[in-house]
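Structure, as C-alpha cells:
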Amino acid sequence: MRKVTQAEQEKIWEDVRKEFPNDEMMQEIHFIRQVHYLQTKDLSIEERLCFFERSIQKTSV
C-alpha cells in the first residue's frame, strides 16, 4: 500500500469541496473513497481485500 502525499490529499479535498459544496458528510465520504483508491490501486485483489478487512476491523463498534 502506498502513502498518499499531503499534496494529493489537498487536491482531493479541493475536488470534493467543489463537487459537494454544501455537504460536509459527502465531502468526507468521497475524500476517504479517493484516498483508499490511491492506496490500493496497485494492489492485487487479495491485498485489496486484506486492506479493506483491516479497515472494517478498525472501525467496528
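Computed from the coordinates by the stated procedures, all read-outs in this text should not be read as laboratory data. Predicted, not measured: the structure shown is a model, and the values here were computed from it. Ideal geometry is used to build each Cβ from the backbone, glycine not excepted, and the neighbour counts take in all protein chains shown.
Relative to the longest principal axis of the Cα atoms of the chain, the long axis of helix 6-19 makes an angle of roughly 60 degrees. Report summary: the helix-based calculation at 222 nm, which adds -39500 (n - 2.57) for every DSSP H run with n ≥ 4 and divides by the residues of the chain, gives -25000 deg cm²/dmol.
By other beta-carbon atoms within 10 Å, ranking S55, S44 with the fewest at the front produces S44, S55.
Give me the extension gain from Y37 to E53: residue separation times 0.36 nm, minus the current Cα-Cα distance, reported in nm with one decimal.
Values: separation 16, 0.36 × 16 = 5.76 nm, distance 1.49 nm.
Roughly 4.3 nm would be gained on extension.
Axis angle, to the nearest 10 degrees, between helix 24-40 and the longest C-alpha principal axis of the chain: 40 degrees. Structural descriptor for the chain: relative contact order 39 percent, calculated from alpha carbon pairs under 8 angstrom and at least 6 residues apart. Axis of helix 45-59 versus longest Cα principal axis of the chain: the two differ by about 70°, to the nearest ten degrees. As a rough footprinting exposure proxy, the listed residues K3, K11 were ranked by other beta carbons within 10 Å of their own, and the order from fewest upward is K3, K11.
Just check the chain against the gyration tensor rule for me: Cα atoms, a ≥ b ≥ c as the square roots of the eigenvalues, rounded for a/c under 1.5, and otherwise prolate or oblate depending on whether a/b exceeds b/c. The partial results should precede the final answer.
Working: a/c = 2.67, a/b = 1.52, b/c = 1.76.
It is oblate, given that a/c is not under 1.5 and a/b is not larger than b/c.
With the simple spin-label model, which puts each label point 7 Å out from Cα in the Cβ direction, the R17 to M1 separation comes to 2.6 nm. Across the options F51, V4, F31, the greatest Cα extent toward the positive end of the charge dipole of the chain (unit charges at beta carbon of Lys, Arg, Asp, Glu) belongs to F51.
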